[in-house]
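Student: My questions all concern the structure below.
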């Protein structure tokens, strides 16, 4: 599932399939050990792979769209409403929380609860300004569109464009660790949203989307690896990701190539290789993933 939007504002990343190149994903996916990657290679990957990872990650917007297709009603209980932006002291806290609230904003907007997004927008503004990237976010225009419930496409575009610029600015100015934190924050919140919904709406498509997170999780661990020894905050987050990875260890994913599809684009013929995936995940494994996701997400939003 390719990300239709770069991520409703960073929504650069949340629910995903992974960066998958058909050439090396024609057989069962083998979960690599992130800890076995030399630090130098991990650092290189964290800089160069982030854009490619972002392109191949589905956003919370897509997950919200899937939930709507499943006739899942909107619920404010899924939102990280307990977060107080004034209590996010460090750059680590601000960047991670910026990602979490970005996922919530995407969820609100897709359900057209745009009037309810004003409080989140205010929090996002404080957090963005706190890490000196507020200049990339047109808060007033987004707020106006939200209040008027007008032109959802424009609202999404502005949000996406803002986070695209933030992500690029951070990576171009040797602050890639904050970009990685935002991406991880969006992923965690999107994972939480999907796993909470699937408890009451056990749709097989949603279960597969959750199972496929095994792939992108490994990419996120590689992105975080260079910073795991930076300080206690990063070390704790890396530990959390490893806990989720452990619950995914026995989930199995295989891919089968389909027939190439020819599509005319810009006056030329583009041939795209299709593929289908098969996720093997037991109900017990799913329950473990739901539980660990909730535990970690709750710790992050309460800073415990």
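The values are calculated or read from the model by the stated rules, or taken from the named source; none is laboratory data. Since this is a predicted model, take the numbers as computed values, not measurements. FYI the Cβ positions are ideal-geometry reconstructions off the backbone, even for glycines, and counts take in every protein chain you see.
Student: So in region 121-137, with the set limited to residues that are within 21 Å of residue 172 (Cβ to Cβ), surrounded by fewer than 20 Cβ atoms within 10 Å (Cβ to Cβ) and touching a helix residue (DSSP H, G or I) at 6+ places or on another chain (Cβ under 6 Å), which one is modelled with the lowest pLDDT? Write out each step before concluding.
Tutor: From region 121-137, those within 21 Å of residue 172 (Cβ to Cβ) are 127-137; that's our starting set.
From the residues that got through so far, the ones that are surrounded by fewer than 20 Cβ atoms within 10 Å (Cβ to Cβ) too are 129, 132, 134-136.
Filter once more, keeping what is touching a helix residue (DSSP H, G or I) at 6+ places or on another chain (Cβ under 6 Å): 134, 136.
Working: 134: 89, 136: 84.
Among them, the one singled out is 136.
Student: Can you tell which of 274, 282 is touching a helix residue (DSSP H, G or I) at 6+ places or on another chain (Cβ under 9 Å), surrounded by fewer than 19 Cβ atoms within 10 Å (Cβ to Cβ), farther than 24 Å from residue 79 by Cα and free of Cβ contacts under 8 Å to residues at least 40 places away in the same chain?
Tutor: Numbers: 282 fails: touching a helix residue (DSSP H, G or I) at 6+ places or on another chain (Cβ under 9 Å).
Checking each option against the conditions leaves just 274.
Student: Could you check region 95-128 and list, in sequence order, the residues that are under 22 Å from residue 232 (Cβ atoms) and free of Cβ contacts under 8 Å to residues at least 60 places away in the same chain? Steps first, please.
Tutor: Applying the first criterion (under 22 Å from residue 232 (Cβ atoms)) to region 95-128 yields 95-100, 127.
Of everything in region 95-128, just one residue is under 22 Å from residue 232 (Cβ atoms) and free of Cβ contacts under 8 Å to residues at least 60 places away in the same chain, namely 127.
Student: Could you grab me the full set of residues in region 59-88 that are part of a loop (DSSP other than H, G, I, E, B), modelled with pLDDT of 90 or more and either closer than 19 Å to residue 185 by Cα or in contact with a strand residue (DSSP E or B) (Cβ under 7 Å, 6 or more places away or on another chain) (or both)?
Tutor: Within region 59-88, the first condition is being part of a loop (DSSP other than H, G, I, E, B), and the residues that meet it are 59, 70-75, 79-84, 88.
Still in the running and modelled with pLDDT of 90 or more: 72-75, 79-80, 83-84, 88.
79, 80, 83, 84, 88 - these are the residues of region 59-88 that are part of a loop (DSSP other than H, G, I, E, B), modelled with pLDDT of 90 or more and either closer than 19 Å to residue 185 by Cα or in contact with a strand residue (DSSP E or B) (Cβ under 7 Å, 6 or more places away or on another chain) (or both).
Student: Continuing with the same structure: Inspect region 233-249 for any residue being crowded, with 17+ Cβ neighbours inside 10 Å and farther than 20 Å from residue 190 by Cβ and give the result as yes or no.
Tutor: Let us first name the residues in region 233-249 that are crowded, with 17+ Cβ neighbours inside 10 Å, namely 234, 237-238, 240-241, 244-245, 247-248.
In the following step, the residues that additionally are farther than 20 Å from residue 190 by Cβ were identified as 234.
Yes, the conditions are met somewhere in region 233-249.
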